[in-house]
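For reference, the structure is listed below as C-alpha coordinates.
The values are calculated or read from the model by the stated rules, or taken from the named source; none is laboratory data. Source: prediction; values computed, not measured. Don't worry about glycine lacking a Cβ; one is built from the backbone with ideal geometry, like all the others, and counts go over all protein chains shown.
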(Lines give C-alpha, C1' and ligand atoms only; values in the text may rest on other atoms or scores of the structure.)
Protein backbone atom coordinates (compact mmCIF):
# COMPACT_ATOMS: atom_id res chain seq x y z
CA UNK A 1 0.00 0.00 0.00
CA UNK A 2 1.44 3.37 -0.97
CA UNK A 3 1.50 6.32 1.41
CA UNK A 4 2.97 8.99 -0.86
CA UNK A 5 0.87 12.07 -1.44
CA UNK A 6 1.19 14.66 -4.19
CA UNK A 7 2.37 18.17 -3.41
CA UNK A 8 3.62 17.30 0.06
CA UNK A 9 5.63 19.89 1.97
CA UNK A 10 8.12 17.40 3.39
CA UNK A 11 8.62 13.68 3.88
CA UNK A 12 6.87 13.67 7.26
CA UNK A 13 3.53 14.88 5.88
CA UNK A 14 1.40 11.88 4.94
CA UNK A 15 -2.06 12.13 3.41
CA UNK A 16 -5.27 10.69 4.75
CA UNK A 17 -5.89 7.04 4.00
CA UNK A 18 -8.27 5.89 1.30
CA UNK A 19 -11.00 4.12 3.31
CA UNK A 20 -11.52 1.16 0.98
CA UNK A 21 -7.76 0.48 0.80
CA UNK A 22 -7.41 0.80 4.56
CA UNK A 23 -10.24 -1.71 5.00
CA UNK A 24 -8.56 -4.16 2.62
CA UNK A 25 -5.20 -3.74 4.36
CA UNK A 26 -6.80 -4.32 7.78
CA UNK A 27 -8.50 -7.44 6.45
CA UNK A 28 -5.22 -8.77 5.04
CA UNK A 29 -3.49 -8.05 8.36
CA UNK A 30 -6.28 -9.88 10.24
CA UNK A 31 -5.80 -12.86 7.90
CA UNK A 32 -2.09 -12.91 8.71
CA UNK A 33 -1.00 -11.81 5.24
CA UNK A 34 2.25 -9.92 4.69
CA UNK A 35 1.25 -6.26 4.24
CA UNK A 36 3.93 -3.66 3.58
CA UNK A 37 4.16 0.07 3.05
CA UNK A 38 5.55 0.85 -0.40
CA UNK A 39 6.87 4.41 -0.73
CA UNK A 40 9.55 6.25 -2.66
CA UNK A 41 10.33 8.04 0.61
CA UNK A 42 12.10 4.88 1.78
CA UNK A 43 14.94 5.54 -0.70
CA UNK A 44 16.12 8.47 1.40
CA UNK A 45 14.29 7.82 4.66
CA UNK A 46 15.58 9.50 7.79
CA UNK A 47 14.36 8.84 11.33
CA UNK A 48 11.68 11.56 11.18
CA UNK A 49 10.24 10.12 7.95
CA UNK A 50 10.33 6.58 9.30
CA UNK A 51 8.60 7.68 12.50
CA UNK A 52 5.90 9.57 10.54
CA UNK A 53 5.15 6.47 8.44
CA UNK A 54 5.14 4.20 11.48
CA UNK A 55 2.81 6.58 13.35
CA UNK A 56 0.49 6.67 10.30
CA UNK A 57 0.44 2.86 10.21
CA UNK A 58 -0.33 2.59 13.90
CA UNK A 59 -3.10 5.18 13.69
CA UNK A 60 -4.80 3.93 10.51
CA UNK A 61 -3.91 0.22 10.37
CA UNK A 62 -3.50 -0.68 14.02
CA UNK A 63 0.14 -1.78 13.72
CA UNK A 64 3.48 -0.75 12.30
CA UNK A 65 4.21 -2.36 8.93
CA UNK A 66 7.51 -2.95 7.11
CA UNK A 67 8.48 -0.01 4.89
CA UNK A 68 10.17 -0.44 1.50
CA UNK A 69 10.82 1.53 -1.68
CA UNK A 70 10.84 -1.33 -4.15
CA UNK A 71 8.53 -3.96 -5.56
CA UNK A 72 9.64 -7.54 -5.14
CA UNK A 73 8.72 -10.97 -6.48
CA UNK A 74 6.32 -11.61 -3.59
CA UNK A 75 4.07 -8.63 -4.44
CA UNK A 76 0.50 -9.80 -5.07
CA UNK A 77 -1.48 -6.53 -4.81
CA UNK A 78 -0.43 -2.92 -5.14
CA UNK A 79 -2.82 -0.19 -4.00
CA UNK A 80 -2.00 3.38 -4.99
CA UNK A 81 -4.10 6.47 -5.65
CA UNK A 82 -1.95 7.59 -8.62
CA UNK A 83 -0.81 4.35 -10.26
CA UNK A 84 -2.29 3.38 -13.60
CA UNK A 85 -3.47 -0.10 -14.54
CA UNK A 86 -1.85 -1.90 -17.45
CA UNK A 87 -3.69 -4.96 -18.69
CA UNK A 88 -1.89 -7.16 -21.19
CA UNK A 89 -0.70 -5.13 -24.15
CA UNK A 90 -2.86 -2.06 -23.59
CA UNK A 91 -3.12 0.76 -21.09
CA UNK A 92 -6.43 1.40 -19.41
CA UNK A 93 -6.73 4.55 -17.31
CA UNK A 94 -9.03 4.23 -14.33
CA UNK A 95 -11.10 7.23 -13.29
CA UNK A 96 -10.79 8.47 -9.70
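There is no residue in the stretch 73-90 that is within 22 Å of residue 12 (Cβ to Cβ), out of contact with any helix residue (DSSP H, G or I) (no Cβ under 7 Å at 6 or more places or on another chain) and at pLDDT 85 or above.
Report, by residue number, each residue of the stretch 33-74 that is surrounded by 14 or more Cβ atoms within 10 Å (Cβ to Cβ), assigned to a loop (DSSP other than H, G, I, E, B) and under 11 Å from the mean Cα position of the chain (by Cα). Within the stretch 33-74, 35, 36, 39, 65 qualify.
From the list 26, 41, the one residue that fits, being closer than 16 Å to residue 69 by Cα and touching a helix residue (DSSP H, G or I) at 6+ places or on another chain (Cβ under 8 Å), is 41.
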